[in-house]
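The values are calculated or read from the model by the stated rules, or taken from the named source; none is laboratory data. Computed from a prediction, not measured in an experiment: that's the story for all the values here. All Cβ positions, glycine included, derive from the backbone under ideal geometry; neighbour counts span all protein chains shown. Calculation scope for accessible area: heavy atoms of the full protein, side chains included, ligands and nucleic acids excluded. Shrake-Rupley method; radii C 1.70, N 1.55, O 1.52, S 1.80 Å.
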Amino acid sequence: MADDRRIKVIVPIPMDEAGVAARAAQLPSDFVRSGFSPEFVAVPWGAALGDSYHDMLLMDWTVFQTGITAEDEGYAGVLIDTVSDSGLRALRSRLTIPVIGPGEAAFAAAMMLGKKFTVLTMWPEWFPLYQKTLTEYGFWDRVASLRSIDTRPDVTELLAGKEEVIFDKLKAEATRAMEEDGADVIVLGSTTMHQSAAFLAANLPIPVINPGQVAWKFLEGLIECGLTHSKKAFPTPEVPKDADIRKGWF
């Protein structure tokens with residue numbers, strides 16, 4: 001039986017230990033409930049920035065490749081470390097342990113906390129990621145807007161050293177989302193933006209959702225309640241192709 005506390009957190013971009021550690025910082029030890037253990041694992045190959053349909057396909061595929069063994073490895077759940085929810089539905093089909101994406105979790109939380117939410121992101125090249133998932137989930141009628149600060153992201157070093165400039169840009173764009181688009185909740189468009197969450201929450205009059213943290217807490221809750229995704233909604237393949245899927249890693 002799977003250990004009921006270890007969670008495989010899949011980083012959708014290949015990177016070194018320092019890059020993985022920067023992303024893992026979104027879940028500090030005092031935030032993680034006692035007994036749970038996030039284990040961040042980067043895909044071994046694939047996309048660079050998620051800035052194109054080319055990269056979207058690679059993220060879907062490599063996250064799926066990395067996740068299909070999670071149940072056999074003894075994990076109790078999988079968290080996908082990207083608001084694009086790359087590989088989410090395919091992994092739910094292959095696994096019986098819960099698989100959560102920060103996009104779906106953050107959007108659902110936003111709809112509970114307000115009437116209209118804006119996805120606030122680094123650059124418009126990421127808009128297709130949200131357009132795809134919002135269409136799949138059927139959430140468009142609750143979306144005020146997609147907005148960006150038109151700044152090329154660094155998916156490894158994140159916002160470190162750029163806080164003074166980036167944070168003010170994000171605040172200004174969020175303010176425009178409220179005033180011009182009618183947003184009453186802000187969803188950060190990437191888990192790589194987690195360093196800005198506390199600043200924005202303290203400087204905006206509406207909720208600011210840090211997607212990686214919301215998704216983590218949702219996954220903790222599912223595991224504690226003994227819940228996972230419906231296999232009627234995400235049926236298991238009659239003929240799994242795990243060995244073939246795992247080929248070609250390098």
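Brief remarks on what is shown
- Segment Asp150-His54, extension gain: residue separation times 0.36 nm, minus the distance between their alpha carbons: 32.5 nm
- Around Ala215: net Lys/Arg minus Asp/Glu count, Cβ-Cβ under 11 Å: -3
- Gyration tensor over alpha-carbon atoms, the stretch 103-210, equivalent ellipsoid semi-axes in Å: 20, 16, 12
- Restricted to Cα atoms, the stretch 151-222 shows a radius of gyration and a Dmax of 12.8, 38 angstrom.
- The stretch 1-61: translational diffusion in µm²/s, Stokes-Einstein, Kirkwood Rh over Cα pairs, 10 °C, 1.306 mPa s: 122 µm²/s
- Between the stretch 183-250 and the stretch 19-54, the alpha-carbon center distance in angstrom: 11 Å
- Theoretical ellipticity at 222 nm over the chain - DSSP helices of four or more residues, -39500 (n - 2.57) apiece, nearest 500: -11000 deg cm²/dmol
- Here's the list of lysines a cross-link from Lys8 could span, going by alpha-carbon distance under 30 Å and ignoring same-chain residues fewer than 8 apart: Lys132, Lys162, Lys217, Lys231, Lys232, Lys241, Lys247.
- P(r) tail fraction, the chain - alpha-carbon pairs more than 26 Å apart, %: 36 percent
- Taking every C-alpha pair closer than 8 Å and separated by at least 6 residues, the mean separation divided by the residue count of the stretch 107-250 gives a relative contact order of 26 percent.
- Each peptide among 97-106, 46-55 gets the average number of other Cβ atoms lying within 10 Å of its residues, and from highest to lowest they stand as 97-106, 46-55.
- Label separation (Ala18 vs Trp123): 2.1 nm, computed from points 7 Å beyond Cα along the C-beta direction.
- Highest-first packing order for the peptide set 188-197, 137-146 is 188-197, 137-146, based on the mean count of other beta carbon atoms within 10 Å.
- Here the stretch 103-210 has 53 percent of its accessible surface on carbon and sulfur atoms, given a 1.4 Å probe and all protein chains in place.
- Charge context of Gly19, other residues only, Cβ under 11 angstrom, K/R +1, D/E -1: -3
- Dipole magnitude for the chain: computed about the Cα centre from +1 point charges on Lys and Arg Cβ and -1 point charges on Asp and Glu Cβ, it is near 540 debye.
- Distance in nm between pseudo-label sites at Lys247 and Thr69 (7 Å out along the Cβ direction from Cα): 1.7 nm
- Estimated inter-spin distance, Ala202 and Lys162, nm [label 7 Å along Cα→Cβ]: 2.1 nm
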